[in-house]
Amino acid sequence: MTDLSWLTARPVAHRGFHDMNKTRWENTLSAFAAAAERGYAIECDVHLSSDRVPVIFHDGDLKRLTGRDGFVWQRTAAELASFKVGGTADHVPTLQEALDLIDGRVPLVVELKGVPGYDEGLVASVGKMLKRYKGKAAIMSFDHWLVRDFPKDAPGIPGGLTAYGRDVKLIEAHFSMLAHDIAFTSYAAGDLPNRFVSFVREKLKMPVITWTVHDQPAVDLTFRYADQMTFEGFEPDLVKVA
């Protein structure tokens, strides 16, 4: 089994260490630099541009973050780089720009955002970049069709399932993904505990991180039922909270 102790060794800054989009916005190079300077691991979100370049952006549409109409998949990476995020000096970065900036200083967890019909090649492109990267990095996704491609298109890169929920249908869907060689899971803190997380953590010895932790009750839930948190809106100590 691959050693993933690095994945749970330090808190994970959700979309980088931003300030809730006041002056330092999510998924920007400024947010990644701030996280790396503080020693936090980093989570980011990746879509494909129209010219098949992995770019860092959470939403499928452009409006909330750039004020533009349309979708990420309709724009080239160069066009996206010309868009300012939240009216700041930060532009929409490519994944490669983030890798160059972080430069192995802290771990990186890349969430792949699927858009049916427009995400072909996403897993392979990200996998190729991370294979060349000298730092610790993993990939994950909510999208089962992408997770199924992880072993084939991103071999050797730890892959995880991003998930939520407690109802039977969702839990059973999560269990079905264990057939696809996932190495960890990232689970909604508010949906702990549940039998899926208990099974993968206790029976399979699979690391579990949580999302997205904003307050002490969610911190407490995380370290009662999981191994590390993905956080935003505060500055946690660089120690595991027992």
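The values are calculated or read from the model by the stated rules, or taken from the named source; none is laboratory data. These numbers come from a predicted model, not from an experiment. Neighbour counts run over all protein chains shown; Cβ positions are idealised from the backbone, glycine included. Accessible surface areas use protein heavy atoms only, side chains included; no ligands, DNA or RNA. Shrake-Rupley method; radii C 1.70, N 1.55, O 1.52, S 1.80 Å.
Taking the Cβ of Leu62 as the center, what net charge do the other residues with Cβ under 13 Å away carry, scoring Lys and Arg +1 and Asp and Glu -1?
+1
Determine the sum of side-chain charges near His91: Lys and Arg each +1, Asp and Glu each -1, restricted to other residues whose C-beta is under 13 angstrom from that of His91.
Once positives and negatives cancel, what remains is 0.
With charges set only on the Cβ (+1 for Lys and Arg, -1 for Asp and Glu), what does the dipole of the chain come to about its Cα centre, in debye to the nearest 20?
Rounded to the nearest 20 debye, it is 380 debye.
Hey, what angle do you get for helix 216-225 against the long axis of the chain, alpha-carbon based, 0 to 90 degrees rounded to 10?
Approximately 50 degrees, to the nearest 10.
Calculate the spin-label point distance for Asp103 paired with Asp19, positioning each point 7 Å from the Cα along the beta-carbon direction, and give it in nanometres.
Each label point lies 7 Å from its Cα, and together they span 2.5 nm.
Among Pro107, Pro93, Pro116, which one shows the highest mean-square fluctuation when the chain is modelled as a Gaussian network with alpha-carbon springs under 10 Å?
Pro116
What order, most packed first, do the peptides 149-161, 191-203 have when packing is the mean number of other Cβ atoms within 10 Å of each residue?
My ranking of the peptides, most packed first, is 149-161, 191-203.
Taking Cα pairs under 8 Å and at least six residues apart, what relative contact order does the chain come out at, in percent?
The value is 18 percent.
Find, among the GluC sites (Glu not before Pro) in the range 101-195, those assigned to loop by DSSP (not H, G, I, E, B) with at most 16 other beta-carbon atoms within 10 angstrom.
Passing sites in the range 101-195 are Glu120.
May I ask you to derive the FRET efficiency for Arg132 and Phe175 from their Cβ-Cβ distance with R0 = 51 Å, giving the value to the nearest 0.05?
0.90
Based on the mean of other beta carbon atoms within 10 Å per residue, what is the order of 164-171, 50-57, most packed first?
Ranking, from highest mean packing down: 50-57, 164-171.
Among the aspartates and glutamates, which have Cα under 16 Å from the Cα of Lys84 when same-chain residues fewer than 8 positions away are ignored?
Glu26, Asp59, Asp61, Asp69, Glu97
Is there a pair in Lys136/Lys169; Lys113/Lys205; Lys63/Lys131; Lys113/Lys136; Lys63/Lys136 whose C-alpha atoms are over 30 Å apart, and which pairs would that be?
With Cα atoms farther than 30 Å apart: Lys136/Lys169; Lys63/Lys131; Lys63/Lys136.
Assuming 0.36 nm per residue, please report the length gained on full extension of the stretch Phe142 to Thr88 beyond their Cα-Cα distance.
16.5 nm
Quote the accessible area belonging to Arg75 in square angstrom, nearest 10, computed with a 1.4 Å probe and with ligands, DNA and RNA left uncounted.
My reading of the accessible area for Arg75 is about 70 Å².
Return a whole-number percent for the relative contact order of the range 130-177, with Cα pairs under 8 Å and 6 or more residues apart as the contact set.
It rounds to 38 percent for the range 130-177.
How large is log10 I(q)/I(0) at q = 0.11, 0.21, 0.26, 0.28 Å⁻¹ when the Debye formula is applied to the Cα atoms of the range 4-72, each weighted equally and without solvent?
The Debye formula, applied to the Cα set alone, gives -0.30, -0.90, -1.12, -1.19.
What shape does the range 100-236 have by the C-alpha gyration tensor, where a ≥ b ≥ c are the square roots of the eigenvalues, rounded means a/c under 1.5, and otherwise prolate means a/b greater than b/c and oblate the rest?
oblate
Would you tally the net charge around Asp45, using a Cβ to Cβ cut-off of less than 11 Å, leaving Asp45 out, and scoring K and R as +1, D and E as -1?
-2
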